[in-house]
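A short worksheet on the structure shown next.
Readers should treat all values here as calculations from the given coordinates under stated rules, not as data from a laboratory. If you're wondering where the values come from, they're calculated on a predicted model, not measured in any experiment. Backbone-built Cβ (ideal geometry, glycine too); neighbour counts: all protein chains shown.
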Amino acid sequence: MRVHVISDMEGVAGIVKWGQVTGGDSAIYQEGRVLYTEEINAAVRGARAAGATDVVVMDCHGAGGDYTFNSLVPDLLDPGCEYVVQDEWTEYTAFLEQGCDAALFVGMHAMAGTADGVLSHTVSGQAWQNLRFNGTLVGETGINAALCGHWGVPVLLVTGDRAVCREARELLGDGLTTVEVKEGLGRFSARQQTPARARELIEAGAREALRDLSAVKPYDPGRPCEIEIDFTSPDRLQEYRNRKGVEVTGPRSVVARGDDWWSAWSAFFF
Ligand SMILES: [Zn+2]
């Protein structure tokens, strides 16, 4: 069984503040990396226990600088996985293309504007307000799920705060296993499981989720596909004015169109 662990940092137990996920020498970020890596290890153990033979981990957290997509602590990673450091988000698709049985999303956060979403945002808190796939409002769980779905890979597990677990079930259906490691009280506050307990829950959740590879259908936003982004301010449109496949549709909005999600996303994002 081949399993892709796709992860973000904001949804990890113990993490509630930007400083914990902002790359640099600060003690609080360095501690955050350890909390993050250990949740990944829990998912890897669970996947292995469920019979996974190939587990590839991909960090999708834009920490900033050389820590972007590079926040995991290599020396602490479970040797039961390999891991990818990519240059741009959604750039590495080889493991999906080669054929993959399931994806597990660890440490996810809710979409921009979610009142109880810890560190909630969509792609860029400064630049993006709303993202829609064929009219459906989505966050980063939706982006990663569409990426996996394009190559026929279902998402079977989402871990993070209560808000992202709710968002993921609404998008992917009740067959999805979710593990809630904290309950957001606001954007920068939460009632949390201890990291040790969160890891137990994630390990068990990964094992359970992989028992039925057909519990969730691969996510496809629909064909053709229209991706609409509302930015927070008009100046954000500048780089899209002459982009092929992208149309400026309002003072702060663009639409990218394609025969399928991946072609629309590629036109817009790369
Ligand atoms: Zn992140």
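Worth a mention:
- For the chain, alpha-carbon Rg and Dmax in angstrom: 17.4, 51
- Across the chain, the longest run free of exposed loop sites, meaning trypsin sites (Lys or Arg not before Pro) lying outside DSSP classes H, G, I, E and B with no more than 12 other Cβ atoms within 10 Å, spans 1-210.
- Relative contact order (percent, whole number), the range 225-269, Cα cutoff 8 Å, 6+ residue spacing: 43
- Note on the chain: with charges restricted to the Cβ of Lys and Arg (+1) and Asp and Glu (-1), its dipole about the Cα centre is near 500 debye.
- Using the Cβ of His150 as centre and a radius below 10 Å, the other residues enclosed give a net charge of -3, where K and R count +1 and D and E count -1.
- Charge tally in the Cβ shell below 11 Å around Ala52, where Lys, Arg are +1 and Asp, Glu are -1, Ala52 excluded: +2
- Charge tally in the Cβ shell below 12 Å around Gly24, where Lys, Arg are +1 and Asp, Glu are -1, Gly24 excluded: -1
- Selected from Val138, Val12, Val44 as most flexible by GNM, with the chain as the system and alpha-carbon contacts under 10 Å: Val138
- Working from Cα pairs under 8 Å separated by at least six residues, relative contact order for the chain is 20 percent.
- Shown for Met1, Met9: other C-beta atoms within 10 Å of each C-beta, ranked fewest to most, produce the order Met1, Met9.
- In a simple Cβ point-charge model (Lys, Arg +1; Asp, Glu -1; nothing else charged), the range 225-269 has a dipole of about 200 debye relative to its Cα centre.
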